[in-house]
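Shown next, in structure tokens, is the structure this report addresses.
The values are calculated or read from the model by the stated rules, or taken from the named source; none is laboratory data. Keep in mind that this is a model prediction, so the values were computed, not measured. Note that each Cβ is placed from the backbone with ideal geometry, even for glycine, and that neighbours are counted across all protein chains shown.
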Amino acid sequence: MSQDEFHSPGFDLERRRARHTHALVVGPYLNERAKKGQIAPSSRAPQARLVEAAGLARAIDLDLTETLLAPLSKITPATYLGKGKADEIAERVKADEIDLVVMDCALSPGQQRNLEKAFSAKVIDRTGLILEIFGRRARTREGALQVEHAHLAYQKSRLVRSWTHLERQRGGFGFLGGPGETQVETDRRLIQERITRIERELEGVKKTRGLHRKSRQDVPYPVVAIVGYTNAGKSTLFNRLTNAEVLAQDMLFATLDPTLRALKLPHGAKIMLSDTVGFISELPAMLVSAFRATLEEVIEADVILHVRDITHEDTDEQSADVKKILEDIGVDPHDTRKIVEVWNKLDALDAGHRERVLNSAKARRGRARPFVVSAVSGEGLEGLLAGIEERLSIDHARYTIGVAAEDGQGLAWLYANGEVLERTSGEEGETAVTVRVAPDKVERLLRRFPQAFELRALRRGARAAAT
């Protein structure tokens, strides 16, 4: 989907409709006593979870009238909430003329229908809200298809009175109202037919992406993928490093479609930097599945930058959520050789907090030590680039080579095929070059420069002599 389509009259109409939709966000969270019997309960404070849910609602321009915590001692099968709490919310919906109630939980189709009857208002759950946001953010054909596929799978078992996507076939999914209200209720066959067509189109997209990936592998440039919790500053970092103009705003899921740009590291090596969709807690499984083709950039990346918003009060919990999703897609989140942790938004910290963060980072050892940066000011980015370079060159060998003054082609070859770490000129014009090369280029280097000495071998020999 093009930039023009993203700002099409249809989207503008939907935004205007959203701004006139009075919404109530409800946080129906189990209390501490009830959570003890649950598997892996959320470690976040209820108020923090509710704030995030409100942010999700604002991400699609809803007129957020209020938020409401609804502590639960148990989940009621019929309505998720207990009868007393459902009646209390119904009264508030009526008094405040609420049009839409956002439940920050996963509702079954029956629970959703029963709550709509109880509230006399439209109800969506967390999955439906995230799907709507993703529908608004998708800018490419691939992204739109992936979101639509996930949304159709979600809607297939639900009678949603205002579903209009078969007619519009574009970004948002229009739970706020519109034509085509009986189509889902009366003919689910159309949904399945559309799902089948999308799957065929996505298969074609997957093949195209595979060809693009193969062409990159043939170059080859290492791929460095940026991941992180939504709104952690991934796109700002991407833009700062590559001088690109990817949408970077202070809103959830500002980026949905993957973007690739070439980037040169300090010693001349080139990489492909990939900006990806932001992660979030309780990301619907169907979205992880739908975006698997997109997330293949992460799965197959040589290095992954895990960007964290170090200013956020829930930064540790957000980090845990990102690691869980990485695990779900087959990436070991504890692989410090591949994962580089980046603590972002250093510029937003006051002096005291800044010192604590820097000391906390220094306390970590080896490759587990994070890089503390500001994507806005650029502070710390030189160190980050050096860290990326170090990860990518773990298996690379270092050689020192004497290049004759007249061998300009040889010097050019070293710059083109390796990373020149140091270069000094001798009195007779000979140049001593320290170069780092990938394993697959060692044989070519030794053929071109048989006089090359491997520095690692020399160090190993020195250690052996010392013992």
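Please determine, by comparing only the residues of region 246-296 that are surrounded by fewer than 20 Cβ atoms within 10 Å (Cβ to Cβ) and among the acidic types (Asp, Glu), which one is modelled with the highest pLDDT.
Filtering first and then ranking leaves 282.
Looking at the structure I just gave you, is residue 376 touching a residue at least 24 places away in the same chain (Cβ under 8 Å), touching a His at 6+ places or on another chain (Cβ under 9 Å) and either within 28 Å of residue 296 (Cα to Cα) or not in a helix (DSSP H, G or I) (or both)?
So residue 376 does not fit the description; no.
Looking at region 34-50, which of its residues are farther than 14 Å from residue 105 by Cα and at pLDDT below 75?
34, 35, 36, 37, 38, 39, 40, 43
Cβ-Cβ under 8 Å, sequence separation 6+ or interchain: first residue in region 109-125 and free of Cβ contacts under 8 Å to residues at least 40 places away in the same chain and in the same structural domain as residue 81 (by TED's automatic domain parsing), partner among the aromatic types (Phe, Trp, Tyr) and crowded, with 21+ Cβ neighbours inside 10 Å. Which pairs?
111/80; 115/80
For the structure I just gave you, tell me whether residue 435 is modelled with pLDDT of 90 or more and touching a Gly at 6+ places or on another chain (Cβ under 6 Å).
Yes: the conditions hold for residue 435.
Within region 314-341, which residues are touching a residue at least 40 places away in the same chain (Cβ under 8 Å) and closer than 21 Å to residue 392 by Cβ?
326, 337, 338, 340
As an exercise: evaluate residue 75 against (1) β-branched (Val, Ile, Thr); (2) touching a strand residue (DSSP E or B) at 6+ places or on another chain (Cβ under 7 Å); (3) closer than 25 Å to residue 157 by Cβ and give the number of the one condition it does not meet.
It is condition (2) that residue 75 fails.
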